[in-house]
Amino acid sequence: MPRRDDIHKILLIGSGPIVIGQAAEFDYSGTQACRVLMEEGYEVVLVNSNPATIMTDPEVATVTYVEPLLPRTVAQVIEREQPDALLPTLGGQTALNLAKALHEDGTLAKHGVELIGANYDAIDRAEDRERFRQTMTDAGLRVPRSTIAHNVSDARAAIAEVGLPFIVRPAFTLGGRGGGVVHDETELERIVGGGIEASPIGQVLIEESVLGWGEFELEVMRDRADNVVIICSIENLDPMGVHTGDSVCVAPQQTLTDKQYQALRDQAIAVIRAVGVETGGSNVQFAVNRETDEIVVIEMNPRVSRSSALASKATGFPIAKIAARLAVGYTLQEIPNDITRATPASFEPAIDYCVVKWPRFAFEKFPGAEAELTTHMKSVGEAMAIGRTFQQAFAKALRSRELDLEPRSPADDSRLLELVAVPGAERFDHLLEALRRGLGIDVLHQRTSIDPWFLHELAEFVSDPQAPFTGVRTFKSVDTCAAEFAARTPYFYSGWERPGPAGPSHEVERGERPSVVILGSGPNRIGQGIEFDYCCVHAAQTVRELGRDAVMINCNPETVSTDYDTSDRLYFEPLTLEDVLGVCAIEQPEGVVVQFGGQTPLKLAAGLDEAGLQILGTGIDSIDLAEDRSRFGPLLDRLGYKAPPYASASSAEDALDRAPDVGFPLLVRPSYVLGGRAMEIVYSVDGLRGYLERVGTGAGGRQSTIYLDRFLEDSIEVDVDALCDGSEVWIGGIMQHVEEAGIHSGDSACVLPPHALGEEMLALIAEQTAGIAKALGVIGLINVQFAIHGEQGLHVIEANPRASRTVPFVSKAIGLPLAKLACRIMLGETLAELDLPRETSNGHVCVKEAVLPFDRFAGADSLLGPEMRSTGEVMGIARDFPTAFAKAQAAAGARLPGAGTVFITVADGDKPAATGIATSLHDLGFEIIATRGTAQALSRMGIPARAINKLGEGSPHVVDCIERGEVDLVINTPVGTGARTDGYEIRSAAITRGIPCITTISGGMAAARAIAAARRGEPEVISLQEIHARASGVH
Amino acid sequence: MSRSGAYVLLADGTRFDGLSCGADGAAVGEIVFTTSMSGYQEAMSDPSYAGQLIIFTYPQIGNYGVSAEAMESDRVHARAAIMRAGVDREDAGGRGRSERGWLSWLADCGVPGITDLDTRALVRHIRDEGAMKGGVFPEGISPTQAAEMIDAEPSMSGRDLAREVTPDAPVTLEADTDGPRIAMIDTGVKLSIIRNLRERGATVELHPCTAGAQQLLRSDPDAIFLANGPGDPAALDYIVETVRGLVGKKPVYGICLGHQLLCRAVGLETYKLPFGHHGANHPVKDLTTGRTEITSQNHGFAVLAPDGARTIDTDEAVRWETDFGTAELSHINLYDRTVEGLTLKDVQGATVQYHPEAGPGPHDALYLFDRFVDEIKAAA
Ligand SMILES: Nc1ncnc2c1ncn2[C@@H]1O[C@H](COP(=O)(O)OP(=O)(O)O)[C@@H](O)[C@H]1O
Ligand SMILES: Nc1ncnc2c1ncn2[C@@H]1O[C@H](COP(=O)(O)OP(=O)(O)O)[C@@H](O)[C@H]1O
Ligand SMILES: [Mg+2]
Ligand SMILES: [Mg+2]
């Protein structure tokens, strides 16, 4: 069946901001889909609120809307664009849920939009736990015994049927959000209640536990002619009970006999047919009892998923690309296999290597959070490694993790065994230690239920960690066919082999063109996410435009950078000096790009330089000059720019000595860390002492220097991204933060162009940015952060001589690709040659808002601070700041209420400012409740405010009100450390109730203005292409 | 455990060094590779591999040990196992179902193996140069000796290996139901084929490959089944003769070698593929339904179109005139578009080149056994 020509315009929905459970993999799949559909000659309309994605680059789709992923907004886009079809299976759960909603509210029918890929019924059959169960049973497949509960007493009744422990699974949530395991009656109320809360339809499944069984996933594809193939099998090392997203996984499956595997294969095919996904990729999860051969179906995702991204990278079979072609009518047989170009896509990849995936966690950033791994996903990223054997792949995965701190195991064996038994972020490190200490495989199997095959392999590994690496590093290709056919696509990994007489048989065909190596950013983590991958992809595109071969090195399977189409040669390798040098040895590159992958490549720069490799752009001394505070401080002095008083200390004692000269409040942190790891504000010597005890001087593992900065209170923070060619500087964007300095730049909303800075200040900022860039000798990108203090004026906080987190946002806002321009400069072009416009404004205001994962870390305080905690970002675009801010808030999931009750409690210093906010909210008709102090301050200004008890003052107190759902908006600013405890309760109550909770005055003001703006009705949607067309482009 | 050295030497002189495992001693024959990721024991015990040494492209072999239920015949037929890495654990997979460690079992069976060589490099060499004779040799044997042993080994083309794997006397496997009676020319049948026929109620008679038409017809079976097996179909004219004496008299079905023999019997030719099809992921299109099935494959020879073409360039169920009337192309391989199946239109009979019985491999084509058995019942 050929391409459908009865449809012309296709709407694609992205997955929105990066959140736990829905990350960069959907940029990878969405980008592939857009490209394929454009190639096929369709008009593609894309909606995605996440600016840090390649898919939202204006050239990837015909029309691109960076707008909130909400039914009403997407409906507006549909009205405006009148697409023929909606492809909902490439934007994760978000796109599926939106598609369902738009079907249910009749929007799709009204505008004659056809769902392609998966129809409404198939989506509902897979997503509604109850219907899914029924469908499976009808198909003769076994699912865990279960019943539906809409309230806690239903759940209690269920114990009789399913027994204890049981699993709680909310309907329609991502990454198992709100789910969990109930071991005994005492946990029942909390976990079941939470699950019902989390489910948009207030429904949970109470399910028989198969904890400890083996967990397997199969990636299935089906076409319109009902041909079905299995792309890849994935086995979890962690048995059932740990979310697949949090499990260490291996592909292909290792421990099942052919008969057992074929049984899974048969069932996976039966599942996709029963659910009725017409075309595309689906993911089916099984639990297998290896002793009894029992198999139960756990779930199926009727869409591409994190696992299908992993499967694509693990096999070289581009699931999303093929899924898009299938959705527009092709059959598998009609689609050629990219890699062999000789065979069709209607086959099952044969793998002749082993792949290990490792999750990356961030618990250290959420003190107090429940750190046990359960059925509810908590990891923020992942690394993948390919080796010829399991041990090679496992060892490479270990070094791909780039941990900030080496895990330490307790000396006491019984304690160690406890840690091994409870799944946690460092479980495997403890397990390896246990094996090193010779604690038997039987004991460990019995404690962990991990299959003995893996335990044996790991035991062998610890007995001689070098053994897997005997022989020489040999570059092999990932070719989907185990070498049965010649591979045309240059996707490589290194294995260690005994060389033949003719030396190691590398499969790399280097060619004559000069090559440029681009170092990726490794596993996503908080502080280093998709933004950096975005920049690396732009670097690769530019290198190719400039007639070189782009060579990508990265180990993150979720990304566009590790799509073999992105570069001329992709090396799926850990980002360690050793592995990078291994690639350079056969690439002999013209140079290496370290500016775009965040801190990861910067850490390697010196080593690469020593090895005689050319670092393109800003040199290593400039990098060091910017990052070594003891060198950067004097540089600022020379330039006569203000910086907060600071000191660096080599030990705890030293820090305590120096603190008084710097002056409190202090911002304390270890050096060389991204995302403000372990960074805190302390208000007194005791505070500092406490910090030093908590963090120790070993924070960050590698180094021991501690930095002390005077913390500038009540300052406006400003972020600048600029280009420098060594002599000239071009300002890409000046962003004013909404939250004051002290809230990490990655976590605060920012506005471009600045909404409240005068011309002189902007000029001064531009001047100092240029001064710093030149003084550092930057060639490429630089990001400078400033704090503007009420009295003392402009201060330089830091300068990063590399691509920053805001590069994609700025590029989309101004319509000029900063990373690409930087890459041209790094390869020798001058700013003069680039001839960039002096004026980039286009009559629109863009707001970037951060998305925070607090709802997944029950127990952690949701207060913002200098340590970054957001996982993703969204962008709001409008003609005025309040509307853009309102859009950004909506996109970030914090729907500001249009009316209702606002609860205000603020620090004394904030009370005057708070009255301003209260006044406007009052005028907007909000009822205001406040704690006594705040209430009095407000009433004095003539704003009616109902006083209400603090927690200490007994019920009914504020938390009661919030829990009773009587509050629609919370504004709570903390003072020093004092108010944090009471505030903590308030904030967590708000978070669990999903009530927007604003913790800064400036945020509150913006919110009030946004609410007022929203009163003027639905903001109109506008595409990036339209905005960019309006750029004035003055030269 | 330090293991002694061993090496693979190919007829063209190419050499790959590794470590020896399994039984001591050398093995020579035709070296082929299979891309199947599981089912190593099934492969080693598949009579179709007689005379061949198997390179497993999946790098780690032996993960789940060995067990009686995985045997495809009563013994190992492949002459050696060539692996990137071998696993030998009694408690493999820890499911107490594995009865022996894989490498120990190879030793028990007297089959040599080699590990720790760059199997992917070896496979790419064979892919480019074609399957060739070669051997696995302990380091004790000098390359010159080894080369002589390889020369002494007859080439696969024109080789009758059926006689080496066929039973000496007929055996009948009665079914408790009164299903059809099938007389099989046992050129080295896989147990999975017998299992699938018997699961469908058939009584199966296994006859030596030298049995003539008379002997096969003696019990008045409802159908004749031509089994899979090793070697070159062109060297089995005596079986082809027998088959010519059966076509038209009884429904005739065949798998793999059996397919090649039936095709030769109706007048078609066979030829040697460059490196054969050995794996569990080849897409085959059923031209009657238009469906693609993922198939288990294990053959070094294939059937030529009447016009001598090696590949079929249409997805149509083309019809060919044969000595026994019209034959219709029923299946083709979507990898290299070679013939995968044929149906006789004027007399009752059908065959496939691939392995619907799986063992190892996907079950997509099991429906063929229903189709065959139903047709047989209908005819009976
Ligand atoms: N019945 C069960 N018993 C034990 N563990 C389970 C059960 N069901 C699910 N799990 C665990 O919970 C995880 C999440 O469940 P899943 O259905 O995959 O939800 P999600 O939609 O979040 O992927 C699974 O990966 C598995 O480890
Ligand atoms: N001296 C200071 N006064 C006030 N806020 C500061 C100061 N230094 C840093 N900050 C705040 O801490 C955040 C993180 O500090 P920064 O130096 O940017 O570390 P990172 O390298 O993690 O970006 C900044 O975004 C800013 O909000
Ligand atoms: Mg799941
Ligand atoms: Mg910063």
Residue pairs qualifying under the 6 Å Cβ cut-off, at least six apart or on distinct chains, with the first in segment A:24-50 being crowded, with 24+ Cβ neighbours inside 10 Å and the second being of a type in the set (Lys, Arg), are A:GLU25/A:ARG306; A:GLN32/A:LYS321
Here the residues within segment A:280-314 that are more than 23 Å from the chain's Cα centre (by Cα) and within 14 Å of chain B (Cβ to nearest Cβ) are A:VAL288, A:ASN289, A:ARG290, A:GLU291, A:THR292, A:ASP293, A:GLU294, A:ILE295
Quick one: which of B:THR351, B:THR292 is β-branched (Val, Ile, Thr) and more than 18 Å from the chain's Cα centre (by Cα)?
-> B:THR292
May I ask you to say which residue of A:ARG987, A:ARG1016 is charged (D, E, K, R), open to solvent by 30 Å² or more (accessible area, probe 1.4 Å) and at pLDDT below 85?
-> A:ARG1016
B:THR57 in contact with a Lys or Arg (Cβ under 6 Å, 6 or more places away or on another chain), facing chain A (nearest Cβ under 9 Å) and crowded, with 24+ Cβ neighbours inside 10 Å | no
Residue ranges of strands (runs of 3 or more DSSP E) in segment A:502-606 with at least 3 members in contact with a helix residue (DSSP H, G or I) (Cβ under 6 Å, 6 or more places away or on another chain), aliphatic (A, V, I, L, M) and in contact (Cβ under 8 Å) with a residue 40 or more places away in the chain = A:515-519
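For segment A:309-330, does any single residue satisfy the condition of being within 16 Å of ligand 1 (Cβ to nearest atom) and open to solvent by 10 Å² or more (accessible area, probe 1.4 Å)? Show your work before the answer.
Filtering segment A:309-330 down to residues within 16 Å of ligand 1 (Cβ to nearest atom) leaves A:309-311.
If we keep only those that are open to solvent by 10 Å² or more (accessible area, probe 1.4 Å) too, we end up with A:310.
Scanning segment A:309-330, I find at least one residue that is within 16 Å of ligand 1 (Cβ to nearest atom) and open to solvent by 10 Å² or more (accessible area, probe 1.4 Å), so the answer is yes.
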Just for segment A:472-490: of the residues that are more than 8 Å from every other protein chain (Cβ to nearest Cβ) and at pLDDT below 95, which one is least open to solvent (accessible area, probe 1.4 Å)?
-> A:THR489
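A quick yes/no check of all residues on (1) assigned to a helix (DSSP H, G or I); (2) within 14 Å of chain B (Cβ to nearest Cβ); (3) at negative phi:
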| site | (1), (2), (3) |
| --- | --- |
| A:ALA320 | yes, no, yes |
| A:ALA323 | yes, no, yes |
| A:VAL355 | no, yes, yes |
| A:LYS378 | no, no, yes |
| A:ALA393 | yes, yes, yes |
| A:PRO407 | no, no, yes |
| A:SER414 | yes, no, yes |
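So that you can scan it fast, the table gives a plain yes or no per residue for (1) within 16 Å of ligand 1 (Cβ to nearest atom); (2) more than 30 Å from A:VAL543 (Cβ to Cβ); (3) open to solvent by 10 Å² or more (accessible area, probe 1.4 Å); (4) among the hydroxyl-bearing types (Ser, Thr, Tyr):
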site: A:ALA773; (1), (2), (3), (4): no, no, no, no
site: A:LEU776; (1), (2), (3), (4): no, no, no, no
site: A:VAL807; (1), (2), (3), (4): no, no, no, no
site: A:LEU821; (1), (2), (3), (4): no, no, yes, no
site: A:GLY843; (1), (2), (3), (4): no, yes, yes, no
Do you know which of the residues in segment A:282-304 that are open to solvent by 10 Å² or more (accessible area, probe 1.4 Å) and farther than 17 Å from A:ARG129 by Cβ is modelled with the highest pLDDT?
-> A:ILE295
In segment A:955-984, the residues that are modelled with pLDDT of 80 or more and either open to solvent by 60 Å² or more (accessible area, probe 1.4 Å) or in contact with a Lys or Arg (Cβ under 9 Å, 6 or more places away or on another chain) (or both) | A:SER955, A:PRO956, A:HIS957, A:VAL958, A:ILE962, A:GLU963, A:ARG964, A:GLY965, A:GLU966, A:VAL967, A:VAL970, A:ASN972
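Limited to segment A:238-277, what total is found for residues that are among the hydrophobic types (A, V, I, L, M, F, W, C) and either open to solvent by 10 Å² or more (accessible area, probe 1.4 Å) or within 12 Å of ligand 1 (Cβ to nearest atom) (or both)? Outline the logic, then answer.
Going residue by residue through segment A:238-277, those that are among the hydrophobic types (A, V, I, L, M, F, W, C) are A:240, A:242, A:248-251, A:256, A:263-264, A:268-272, A:274-275, A:277.
Within this subset, residues satisfying the condition of being either open to solvent by 10 Å² or more (accessible area, probe 1.4 Å) or within 12 Å of ligand 1 (Cβ to nearest atom) (or both) are A:240, A:242, A:249, A:263, A:269-270, A:274.
So the count comes out to 7.
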Any hit, segment B:82-89, residues being more than 12 Å from every other protein chain (Cβ to nearest Cβ) and aliphatic (A, V, I, L, M) = yes
Between a first residue in segment A:744-769 that is free of Cβ contacts under 8 Å to residues at least 60 places away in the same chain and a second residue that is assigned to a helix (DSSP H, G or I) and open to solvent by 10 Å² or more (accessible area, probe 1.4 Å), which pairs have beta carbons less than 7 Å apart while being 6 or more apart in sequence or on different chains?
-> A:PRO754/A:LEU762
When every residue in segment A:664-686 that is over 18 Å from A:ALA787 (Cβ atoms) and modelled with pLDDT of 85 or more is compared, the one surrounded by the fewest Cβ atoms within 10 Å (Cβ to Cβ) is A:ASP686
Tally of residues being within 12 Å of another protein chain (Cβ to nearest Cβ), modelled with pLDDT of 95 or more and open to solvent by 30 Å² or more (accessible area, probe 1.4 Å) across segment B:1-51 | 6
Residues (in contact with a strand residue (DSSP E or B) (Cβ under 7 Å, 6 or more places away or on another chain), surrounded by fewer than 24 Cβ atoms within 10 Å (Cβ to Cβ) and over 23 Å from A:PRO58 (Cβ atoms)) located in segment A:516-567 = A:ARG548, A:ASP549, A:TYR564
Given (1) more than 23 Å from B:GLY65 (Cα to Cα); (2) away from ligand 1 (no atom under 11 Å from the Cβ); (3) charged (D, E, K, R), number of the condition A:ASP293 does not satisfy = (1)
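When you check A:ALA914 against the structure, is it open to solvent by less than 20 Å² (accessible area, probe 1.4 Å) and within 16 Å of A:PRO1019 (Cα to Cα), yes or no?
On the way: open to solvent by less than 20 Å² (accessible area, probe 1.4 Å): yes; within 16 Å of A:PRO1019 (Cα to Cα): no.
For A:ALA914, the condition - open to solvent by less than 20 Å² (accessible area, probe 1.4 Å) and within 16 Å of A:PRO1019 (Cα to Cα) - is not met.
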Name the residues in segment B:274-316 that are within 18 Å of B:SER48 (Cβ to Cβ), facing another protein chain (nearest Cβ under 10 Å) and aliphatic (A, V, I, L, M), would you?
-> B:ALA280, B:VAL284
Enumerated helices (runs of 4 or more DSSP H) restricted to segment A:82-150, each holding at least 2 residues that are closer than 20 Å to A:VAL271 by Cβ | A:92-104, A:120-127, A:129-138
Return yes when A:GLY696 is more than 15 Å from ligand 2 (Cβ to nearest atom) and modelled with pLDDT under 90 and no when it is not.
-> yes
Can you tell me which of A:GLU208, A:GLU291 is of a type in the set (D, E, K, R), away from ligand 3 (no atom under 15 Å from the Cβ) and out of contact with any strand residue (DSSP E or B) (no Cβ under 9 Å at 6 or more places or on another chain)?
-> A:GLU291
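Answer yes if at least one residue in segment A:830-839 is assigned to a helix (DSSP H, G or I), at pLDDT 95 or above and buried (at least 23 other Cβ atoms within 10 Å of the Cβ), and no otherwise.
Of the residues in segment A:830-839, the ones assigned to a helix (DSSP H, G or I) are A:831-834.
Filter again for at pLDDT 95 or above, leaving A:831-834.
When the remaining residues are screened for being buried (at least 23 other Cβ atoms within 10 Å of the Cβ), the result is none.
No, segment A:830-839 has no match at all.
The values are calculated or read from the model by the stated rules, or taken from the named source; none is laboratory data. This one's a predicted model, so the numbers in the text were calculated from it and none came from an experiment. In this analysis, Cβ positions are derived from the backbone assuming ideal geometry, glycine residues included, and neighbour counts consider all displayed protein chains. Quick note on the areas: whole protein, heavy atoms, side chains included, nothing else; ligands and nucleic acids left out. Shrake-Rupley method; radii C 1.70, N 1.55, O 1.52, S 1.80 Å.
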